[in-house]
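The values are calculated or read from the model by the stated rules, or taken from the named source; none is laboratory data. For clarity, every value in this text was computed on a predicted model and none was experimentally measured. Here the Cβ positions follow ideal geometry from the backbone for every residue, glycine too, while neighbour counts run over all protein chains shown.
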Amino acid sequence: MLGEHAVKTPEDLRNMPKEYQELVTHLMLVHTEGELTGADDYTQVFYNLAPNSYEKVVCCERAIEELQHYQLSSEVLAGIGVDTDYMLAQHFKERPYYANELVRGVRTWMERGFFSFLGEAVVLEHLLEFETCSYEPFSEIFVRQIIKDEHVHVAHGFRIVRDACRSPETRTEAQVALDRLWPHVLALFGRDDSHRSQQYVKWGLRKTTNGELRKEFVRKTLPKLSELGLSVPGMALAPAGVN
């Protein structure tokens, strides 16, 4: 297993085994597309669901941050000769990664709250893994900006859900949204038996496999939901998702 920041430049990457190069490229493409899709969610979906002008402004601010994240990751890919401009011409539902109901199918403002409170928290779990990624140019963008922004995104989603849970009527609405989306939250981690996630760990691109990361997320999240008066449906871990 490679250590933290072991591969420091695009030139170093080109001297690595083909398997490592392919894994790095795939990992970065998935992340880059996800950031751009996040921006589209905020502008094409959440903005239209926002209940007031304040929340519409926040949606615009979050979209800008997601676009900036896309640019940071796109620049790293450009450094190894991979062009991501084609993503800009795609509708977010046409993109191959994150074909998940939480990403592509949010229907209400309450579900939008869970998108950030839980869905972006899943993303944050992965981003924290990338802090020590063996490919330094990729790792650096998370340390510099992305992780800080994602903490803000998760906190905003939590606020939406927390405020809803202060009254029995809207807490019921929150529970309905959670019941529908919880399996899709878990699916965002990818398959437990994903060979690619095991290879990521082998090459130091991540520290933790999909299944291990999902279990830790559930352990940390259930008490937070309980404090809000919410409970989750059956705990079977969904197998679908990006790996």
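Flag not set for Y47, criterion: assigned to a helix (DSSP H, G or I) and free of Cβ contacts under 8 Å to residues at least 12 places away in the same chain.
The set of residues in region 85-98 being touching a residue at least 12 places away in the same chain (Cβ under 8 Å) and of a type in the set (A, V, I, L, M) consists of M87, L88.
When D192 is tested against (1) buried (at least 19 other Cβ atoms within 10 Å of the Cβ); (2) not in a helix (DSSP H, G or I); (3) not β-branched (V, I, T), just one condition goes unmet, and that condition is (1). The C-beta contact set for region 220-235 (first residue within 16 Å of P168 (Cβ to Cβ), second residue at pLDDT 95 or above and crowded, with 17+ Cβ neighbours inside 10 Å, distance under 6 angstrom, 6+ apart or interchain) comprises L228/C165; G229/C165; L230/Q175; L230/L178. Here is the figure for region 61-112: residues that are closer than 23 Å to G157 by Cα, assigned to a helix (DSSP H, G or I) and not aliphatic (A, V, I, L, M) total 14. Answer yes or no as to whether H26 is buried (at least 21 other Cβ atoms within 10 Å of the Cβ) and in contact (Cβ under 8 Å) with a residue 40 or more places away in the chain. In short, no. Condition check for D83 on (1) farther than 22 Å from R206 by Cα; (2) in contact with a strand residue (DSSP E or B) (Cβ under 6 Å, 6 or more places away or on another chain): one failure, at (2). Taking region 21-42, which residues are over 15 Å from F130 (Cα atoms) and either touching a Leu at 6+ places or on another chain (Cβ under 8 Å) or of a type in the set (V, I, T) (or both)? Passing the criteria: Q21, L36, T37, A39.
Looking at region 46-82, which of the residues that are more than 17 Å from F130 (Cα to Cα) and of a type in the set (S, T, Y) is farthest from the chain's Cα centre (by Cα)? Only one residue fits best here, namely S53.
Please verify whether region 113-135 includes one or more residues that are acidic (D, E), touching a residue at least 12 places away in the same chain (Cβ under 8 Å) and buried (at least 22 other Cβ atoms within 10 Å of the Cβ).
At the first step, the residues of region 113-135 found to be acidic (D, E) are 120, 125, 129, 131.
Narrowing the set further to residues that are touching a residue at least 12 places away in the same chain (Cβ under 8 Å) leaves 120, 125, 129, 131.
Keeping just the survivors that are buried (at least 22 other Cβ atoms within 10 Å of the Cβ) gives 120.
Checking region 113-135: at least one residue is acidic (D, E), touching a residue at least 12 places away in the same chain (Cβ under 8 Å) and buried (at least 22 other Cβ atoms within 10 Å of the Cβ).
Mind checking whether some residue in region 84-101 is buried (at least 21 other Cβ atoms within 10 Å of the Cβ) and either modelled with pLDDT of 95 or more or farther than 19 Å from V185 by Cβ (or both)? No - not one qualifying residue is present in region 84-101.
Suppose we filter region 127-147 for residues that are part of a helix (DSSP H, G or I), in contact with a Leu (Cβ under 7 Å, 6 or more places away or on another chain) and over 24 Å from R162 (Cβ atoms); how many remain?
The number of residues fulfilling the criteria is 4.
Give the residues of region 54-83 that are surrounded by fewer than 19 Cβ atoms within 10 Å (Cβ to Cβ) and among the basic types (K, R), sorted by residue number. Listed by number, the list holds a single entry, K56. The numbered conditions (1) in contact (Cβ under 8 Å) with a residue 40 or more places away in the chain; (2) within 26 Å of L13 (Cβ to Cβ) are all true for T209 except (1). Selection of first residues in region 59-84 that are of a type outside the set (V, I, T) and of second residues that are in a loop (DSSP other than H, G, I, E, B), restricted to Cβ pairs under 7 Å at least 6 apart or on distinct chains, gives the following pairs, ordered by first then second residue: C59/A50; S74/T84; L77/T84.
Is it the case that E173 is acidic (D, E) and either within 28 Å of E227 (Cα to Cα) or touching a residue at least 24 places away in the same chain (Cβ under 8 Å) (or both)?
Yes; evaluated as a whole, the condition is true for this residue.
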